[in-house]
Amino acid sequence: MNTEIKIPENRIDLINVVFTQLEITYHNQFHKAFPDSDSLKLAKQLWLKKLSIFENEIIFKSIDKIMSNSEYLPSLSAVLQKCKFLTLDANGVPSLEKCFKEASTFCDAPSEHSWSHPIVYQAGLETGWFFLQNESEKTAFKEFKDKFELLIEAWLAGEQFENPNTPQLEENISSLDKNQQLSFIKNLKKNY
């Protein structure tokens, strides 16, 4: 017997499956939270709207993880947070603390660092490299956190960020033979 639930492709079907899972798992709490069909319909519409920025698989995994770890009916806010966490993790965005540490560590030469994710660079840039380098950790972290969270929201809404373009030095291959090179060096010595 296969007990794995297929993740619906249609968003409305997904929300219906999620609410069915919540009803089965949290029966009494569910019926207390949604005592009639009107409140259930409104809740489904709200969840559908708020969760629309996440992939169906992420929403489904979030609900599954919450149901596995909580004996209480999750709020929409808890589901949104779990979806955000799983989305960031799936896309290689480190935690806020790791991002802050990376930005603080490399704020003296940000264009020379290979950033773990473009959002880390952008959060450092918007916070200010000088600010990160010279303010107390508590003050810098608060400012960084505010910028980071705004950038995450923009990224989740579809905005793209890129790592800095670091100009590379061109490799200069001399086409002069040895005698021409020596002559060139002699001329430089004469003039300087």
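In the list Glu159, Glu97, Glu153, which residue meets the criterion of being in a loop (DSSP other than H, G, I, E, B), acidic (Asp, Glu) and closer than 30 Å to Phe60 by Cβ? Step by step, each of Glu159, Glu97, Glu153 is checked, and only Glu159 is in a loop (DSSP other than H, G, I, E, B), acidic (Asp, Glu) and closer than 30 Å to Phe60 by Cβ. If you go through region 119-162 and keep only what is surrounded by fewer than 17 Cβ atoms within 10 Å (Cβ to Cβ) and under 15 Å from Gly92 (Cβ atoms), you end up with Leu156, Gln160, Phe161, Glu162.
When Pro110, Pro35, Pro8 are checked against the criterion of being within 22 Å of Lys145 (Cβ to Cβ), surrounded by fewer than 19 Cβ atoms within 10 Å (Cβ to Cβ) and of a type outside the set (A, V, I, L, M, F, W, C), a single residue qualifies: Pro110.
Please determine, by comparing only the residues of region 55-95 that are in contact (Cβ under 8 Å) with a residue 40 or more places away in the chain and of a type in the set (A, V, I, L, M, F, W, C), which one is surrounded by the fewest Cβ atoms within 10 Å (Cβ to Cβ). The selected residue is Met67. For region 109-128, the condition of being closer than 30 Å to Ile59 by Cα and among the hydroxyl-bearing types (Ser, Thr, Tyr) holds for at least one residue. Close Cβ contacts (under 7 Å, 6 or more residues apart or on different chains) running from residues in region 162-180 that are at pLDDT below 80 to residues that are not in a loop (DSSP other than H, G, I, E, B) comprise Thr166/Ser111; Thr166/Glu112; Ser174/Gln181; Leu176/Phe184.
Just to be sure, is Lys98 surrounded by fewer than 18 Cβ atoms within 10 Å (Cβ to Cβ) and touching a residue at least 24 places away in the same chain (Cβ under 8 Å)? No: the conditions fail for Lys98.
The values are calculated or read from the model by the stated rules, or taken from the named source; none is laboratory data. Just so we're clear, the structure is a prediction, and the values are computed from it rather than from any experiment. Because the Cβ atoms are built from the backbone with ideal geometry, glycine has one as well, and the counts that use them run over all protein chains shown.
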